[in-house]
Every structure is written in structure tokens, then in C-alpha cells.
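These notes concern the structure reproduced below.
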Amino acid sequence: MLVEIIGKRNEERLITTSLKIAEKFGKEHAHVLRDIRDMECSDTFRESNFGLSSYKSTQGKTLPMYEVTRDGFTLLAMGYTGKEAMKFKEDYINAFNAMENELKRIYTERQQWQIERDKGVVIRHILADTIKMKIADSPHKRFAYPNYTNLIYRTLFGKTAKELEQECGVKARENLRDYFTGNALAQVQSMEMLVSSLIGCGWGYEKIKEFLSENCKYKIEAGD
């Protein structure tokens with residue numbers, strides 16, 4: 001890819017590399033490294049836009065390269081002239097713009113996910129409280145919440161919580177719902193509210209199961 005998104009969650013940024021620039025501009029990589037080193041920009045700009053990194057050559061040697069931001073690329077590419085150079089500049093600018101839009105989409109989805117995740121905490125408390133208040137005490141009552149959760153998961157995903165954890169690669173002490181998309185979270189929480197309402201109306205597990213089976217015949221993917 002001409003441009004890529006790197007960084008940890010919530011810290012992503014857009015970069016290209018000196019290696020890709022050399023390849024696309026038809027230059028020796030050593031010359032691009034020299035051009036970057038010889039740029040008469042401030043130390044602050046250099047540190048912010050040209051990060052010294054490395055790559056493995058085809059011979060397995062570790063060689064230097066720079067990770068270059070959009071601003072760094074723009075300043076560097078200003079010195080490259082000619083018709084082909086202009087085309088590659090346009091390609092890189094378009095690539096940066098496309099990846100910036102993708103990054104914005106990721107952030108928007110993540111914000112929606114956090115909203116749904118926060119709502120889910122409240123909704124799960126509602127379901128737990130409804131079970132506590134409306135289901136008669138018995139030795140099996142403590143299994144009611146996980147049983148209803150599995151019923152909801154089987155209705156929506158066709159899988160139990162344990163099967164979803166295996167599918168998503170959930171590790172010990174991690175929460176399965178952190179692996180759901182915002183859309184999947186919203187679907188789960190809508191179903192939890194429905195189940196809470198039905199329990200509140202005095203419906204038992206088997207009746208709720210039959211109702212969901214007959215009226216909620218659709219499947220989604222946890223990661224969709």
C-alpha cells in the first residue's frame with residue numbers, strides 16, 4: 001500500500017515510508033534517505049514527520065528507512081519534478097486522503113461502539129434486576145442470567161457465549177462484548193431489553209425461547 005494506518009488503538013496515524021517513495025518515484029532508496037537527511041527543515045518538523053525505522057532486505061539484512069507523515073511527504077516531494085513525479089505526487093495525495101477517510105470512519109465507529117458499550121452496562125443491570133425480582137427463588141435461579149444470555153446469543157449469532165469466545169479468541173479476564181461491533185452490541189442490548197420486558201410480564205424461559213425462535217429468526221456476526 002502507498003499509505004497505511006499504524007499505531008495502537010486510539011493512537012493511529014497515517015504514514016508512508018522512504019522505501020515506498022523510492023520505489024514509486026523510480027529513485028534509489030539511498031538517494032531518498034540522503035534527500036531526507038539533507039532537508040533544511042527544523043529539528044522539530046523532522047522529529048514529527050520523519051521517524052527513523054528499519055526493514056529487512058531480500059538478503060535478510062536490517063537496513064534503515066524512514067516512516068514519513070503526509071506533511072513530511074509533501075515537503076520532500078516538492079523537490080521532485082517531472083511529469084512522472086507529478087503523477088506519483090497526485091497518487092500519494094489521493095492515497096493519504098483515502099486513508100484519512102478510513103481513519104475517520106474507524107473513529108466514528110469506535111465512538112458509536114463506546115456509546116453502545118456504556119448503554120450495555122445499564123441494560124445488563126436491568127436484566128439482572130428483573131431476573132432477581134420476577135423469577136421465584138430456587139436452586140437454579142443463579143443460572144437464569146447466563147441461560148438468558150446464551151439464549152440471546154444463540155438467537156442473534158447462532159452460538160453460545162463459550163462458542164463466541166472461542167471464535168473471537170477471547171483471552172482469560174477479557175470481556176466477550178469488547179469483541180463485538182457497535183451494531184452487534186446494539187442488537188444484543190435490544191434483545192436484552194425485550195427479554196427483560198417479557199420476564200417482567202411473567203413469561204418463563206421456555207415461553208420466551210419459543211417467542212424468540214418464532215419472531216427473531218435472523219443471525220448476525222459478532223464482528224460485523
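The values are calculated or read from the model by the stated rules, or taken from the named source; none is laboratory data. The shown structure was predicted, so the numbers you read here are calculated from the model rather than taken from an experiment. Every residue, glycine as well, gets a Cβ built from its backbone with ideal geometry; the counts of neighbours run over all protein chains shown. Surface accessibility is based on the protein's heavy atoms, side chains included, excluding ligands, DNA and RNA. Shrake-Rupley method; radii C 1.70, N 1.55, O 1.52, S 1.80 Å.
So here's what we get for this one:
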item	result
Selection count, the stretch 24-72, where residues are of a type in the set (A, V, I, L, M) and open to solvent by less than 50 Å² (accessible area, probe 1.4 Å)	6
Residue in the stretch 199-217 that is under 20 Å from VAL122 (Cβ atoms), open to solvent by less than 80 Å² (accessible area, probe 1.4 Å) and not acidic (Asp, Glu) present	yes
Pairs, first β-branched (Val, Ile, Thr) in the stretch 36-51, second crowded, with 17+ Cβ neighbours inside 10 Å, C-beta under 7 Å, six or more apart	ILE36/SER18; ILE36/PHE50; ILE36/TYR66; ILE36/LEU76
Test: residue in the stretch 90-102 that is in a loop (DSSP other than H, G, I, E, B), touching a residue at least 12 places away in the same chain (Cβ under 8 Å) and open to solvent by less than 60 Å² (accessible area, probe 1.4 Å)	no
Cross-chain or 6+ apart pairs with Cβ under 7 Å, the stretch 148-161 first and on the phi > 0 side of the Ramachandran plot, then part of a loop (DSSP other than H, G, I, E, B) and surrounded by fewer than 20 Cβ atoms within 10 Å (Cβ to Cβ)	GLY158/LYS219
Selected residue (criterion: most open to solvent (accessible area, probe 1.4 Å)) from residues of the stretch 73-89 that are without any contact (Cβ under 8 Å) to a residue 24 or more places away in the chain and over 15 Å from GLU23 (Cα atoms)	LYS83
Which listed residue, of ARG177, ARG154, ARG105, ARG142, is in contact with a helix residue (DSSP H, G or I) (Cβ under 8 Å, 6 or more places away or on another chain) and in a helix (DSSP H, G or I)	ARG177
Criterion violated by TRP113 - all others in (1) surrounded by 14 or more Cβ atoms within 10 Å (Cβ to Cβ); (2) not in a helix (DSSP H, G or I) satisfied	(2)
